[in-house]
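Structure record follows, encoded as structure tokens.
The values are calculated or read from the model by the stated rules, or taken from the named source; none is laboratory data. Given the structure is predicted, the values throughout are model-derived calculations rather than measurements. Here the Cβ positions follow ideal geometry from the backbone for every residue, glycine too, while neighbour counts run over all protein chains shown. Protein only, heavy atoms only, side chains kept; ligands, DNA and RNA dropped before computing areas. Shrake-Rupley method; radii C 1.70, N 1.55, O 1.52, S 1.80 Å.
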Amino acid sequence: MPGTTVFERYPPSDAVLDAALADTRLAALWLDELPQRRPRPELVGDASADLCIVGGGLTGLWTAVLAAQREPGRRILLVEGKRLGWAASGRSGGIVDSRLAGAHAAQRWPGEAARLQRLGRENLDEIELAVGSLRLDVDWHRSGELLVAAEPHQLELLRGSRPNPDGSLPDTVLLGAEAVRREIDSPSALGGSWRRRDAATLDPARLVIELARVAQELGVEIVESSPVRALIDTPDGMDVVTASGRVRARAVALATSAFPSLLRRARLLTLPVYEYALATEPLEPRRMKTLAWERRQALRGLGRRSHWMRRTGDDRVVFGGFFAQYHYGGRLRAAHEDRPDLHRALAAHLLTTFPQLEGVRFSHRWAGAIDRDTRGSGHYGTAREGRVVYAGGFSGTGLGTARFAGRVMLDLLAGERTELTELAVVRERPAPFPPEPAVYAAMTTAQRALDRADHRGGEHGALLRALRAVGLAP
Ligand SMILES: Cc1cc2nc3c(=O)[nH]c(=O)nc-3n(C[C@H](O)[C@H](O)[C@H](O)COP(=O)(O)OP(=O)(O)OC[C@H]3O[C@@H](n4cnc5c(N)ncnc54)[C@H](O)[C@@H]3O)c2cc1C
């Protein structure tokens, strides 16, 4: 039927949705499942450090671990405004991708496409190595990612090769309808491509806890509940100022993601965009089997607005994406997370994808803010004569990039020219977003245009093309 999407053609009934969402908690699965954590101390009075890292998500934590490994004995202090991992890192889907600079990096920087791909795979390999060598208890599965076409027009977006005649598999395997349904038995799957080595799944909140453990074992000090208010230049570095303390630091790394940057020049480089997610209760083995999802790949749709999905260690399905919400003025508020309408729409999409899940209940629903930039690629920079470094704008794929960003920031702080600092994605700054009210108008227009494109066989009108050209639509 033209003009509709698969989700409108095969929706679940209201009664099924009501029952599935009747007792769903508003809480991020991974954070909710962590054992009780004792809060770390607040910063009180004066402290000093060679390197002060602001932000205790995965970017800040990887930066701390890598800095301590590079230079044992360096005095490193990580300052978190609330709790480690409470923001995007602990709320993510836990899909770690090898892509470092967004889905469109190859078109934007064709001369560097091969290098970015190699560096991305090395980054993922090194995360896997760290999981083993540092004994990170994070439920790691390197099963790749399956991109799934759910509409006929999406089939032409699939890339990859057929399995070789001897049965061996290329890096990216192109799967027809039957083959993709052997990997995941969804009636809406029309074809797929499996990026076999390019993604892994893990428990992101456990990664936060484990990296914090390793950082502390390496001598890093961590404080929580200490929002940084200002950075003040001093003759030999920076003062990092909180409500009740101050760190005299020789250098500062900012890993504050979607939160307002402490540097005025970086403020319009990122926008907080809310993304929504759901988790089912653990599925019984019999029910899990009906999904045929033996290899545990991460799953992703192929539209400009796409879903992601993964299986957890205890056989839940975690599902999210598609509905991105920007709020006027870039406001971050807990109230934006409680959107029963969007969670219900997500639940309906999951039940269209897997009607076998009818009767399963959703245990958790949550949301978090993603740091979008106008390239969707992440950006890096220095300020205050090279004593402050920042990274952000990972645009929804930051779990792998967080570690890469740590390496880039440390290279930039060292003033070294390295393979990483010479990359165009590191050297070139993205255009800033326009100020309000223009950005709100553009973001809401983009959402409507994306919805129209979904209903027109993926065809992008002139308006959507124009918004994409200036980075205001994905
Ligand atoms: C629902 C959802 C699903 C996602 N799924 C995936 C996925 O499957 N795969 C993927 O790759 N990415 C995913 N992402 C994106 C991913 O979570 C982020 O890119 C990544 O976690 C960013 O990590 P971070 O450390 O940079 O930011 P955050 O985890 O947001 O951490 C930033 C920290 O900085 C602190 N901070 C900010 N300002 C200050 C200040 N002034 N003083 C002190 N502390 C401060 C905050 O309190 C926060 O703890 C998802 C995001 C969401 C919301």
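Might you check whether a residue that is touching a His at 6+ places or on another chain (Cβ under 7 Å) and either under 29 Å from residue 454 (Cβ atoms) or modelled with pLDDT under 95 (or both) occurs anywhere in region 29-51? Within region 29-51 (the criterion being touching a His at 6+ places or on another chain (Cβ under 7 Å) and either under 29 Å from residue 454 (Cβ atoms) or modelled with pLDDT under 95 (or both)), the answer is yes, since at least one residue qualifies.
Scanning region 382-413 for residues that are of a type in the set (S, T, N, Q) and within 14 Å of the ligand (Cβ to nearest atom) returns 395, 397, 401. Summed over region 66-108, residues that are more than 16 Å from the ligand (Cβ to nearest atom) and open to solvent by less than 20 Å² (accessible area, probe 1.4 Å) total 1. If you go through region 402-444 and pick out every residue that is among the aliphatic types (A, V, I, L, M) and free of Cβ contacts under 8 Å to residues at least 60 places away in the same chain, you end up with 8.
Only one entry in 278, 302, 254 is in contact with a helix residue (DSSP H, G or I) (Cβ under 9 Å, 6 or more places away or on another chain), farther than 18 Å from residue 365 by Cα and outside the structural domain of residue 384 (by TED's automatic domain parsing), namely 302.
When residues in region 25-65 are screened for being of a type in the set (Gly, Ala, Ser) and within 10 Å of the ligand (Cβ to nearest atom), 5 of them pass. A single entry from 342, 299 fulfils the requirement of being open to solvent by less than 20 Å² (accessible area, probe 1.4 Å) and more than 24 Å from residue 439 (Cα to Cα): 299. Summed over region 410-459, residues that are in a loop (DSSP other than H, G, I, E, B) and under 17 Å from residue 324 (Cβ atoms) total 1. Of the listed requirements (1) within 11 Å of the ligand (Cβ to nearest atom); (2) of a type in the set (Ser, Thr, Tyr); (3) over 25 Å from residue 439 (Cβ atoms), residue 352 misses just one: (1). Go through 432, 437 for me and flag whichever is in contact with a Phe, Trp or Tyr (Cβ under 9 Å, 6 or more places away or on another chain) and open to solvent by 40 Å² or more (accessible area, probe 1.4 Å). Going through 432, 437 in turn, just one is in contact with a Phe, Trp or Tyr (Cβ under 9 Å, 6 or more places away or on another chain) and open to solvent by 40 Å² or more (accessible area, probe 1.4 Å): 437. If we scan region 361-381, do we find a residue that is free of Cβ contacts under 8 Å to residues at least 24 places away in the same chain and either of a type in the set (Asp, Glu) or surrounded by 19 or more Cβ atoms within 10 Å (Cβ to Cβ) (or both)? Within region 361-381, not a single residue is free of Cβ contacts under 8 Å to residues at least 24 places away in the same chain and either of a type in the set (Asp, Glu) or surrounded by 19 or more Cβ atoms within 10 Å (Cβ to Cβ) (or both). A search for C-beta distances below 6 Å between a residue of region 458-469 that is at pLDDT 85 or above and any residue that is in a helix (DSSP H, G or I), counting only pairs 6+ apart in sequence or on different chains, returns 463/449; 464/449; 464/453; 467/446. A count restricted to region 109-120 and to residues that are buried (at least 17 other Cβ atoms within 10 Å of the Cβ) and of a type in the set (D, E, K, R) stands at 1. One residue stands out among those in region 306-324 that are away from the ligand (no atom under 11 Å from the Cβ), over 22 Å from residue 18 (Cβ atoms) and of a type outside the set (Asp, Glu): the one that is most open to solvent (accessible area, probe 1.4 Å), which is 313. Considering 158, 124, 202, 174, the condition of being open to solvent by 10 Å² or more (accessible area, probe 1.4 Å), touching a residue at least 60 places away in the same chain (Cβ under 8 Å), in contact with a strand residue (DSSP E or B) (Cβ under 8 Å, 6 or more places away or on another chain) and under 27 Å from residue 304 (Cα atoms) is satisfied by 158 alone.
Residues in region 237-281 that are open to solvent by 40 Å² or more (accessible area, probe 1.4 Å) and more than 8 Å from the ligand (Cβ to nearest atom): 243, 244, 246, 248, 250, 264, 265, 267, 268, 281.
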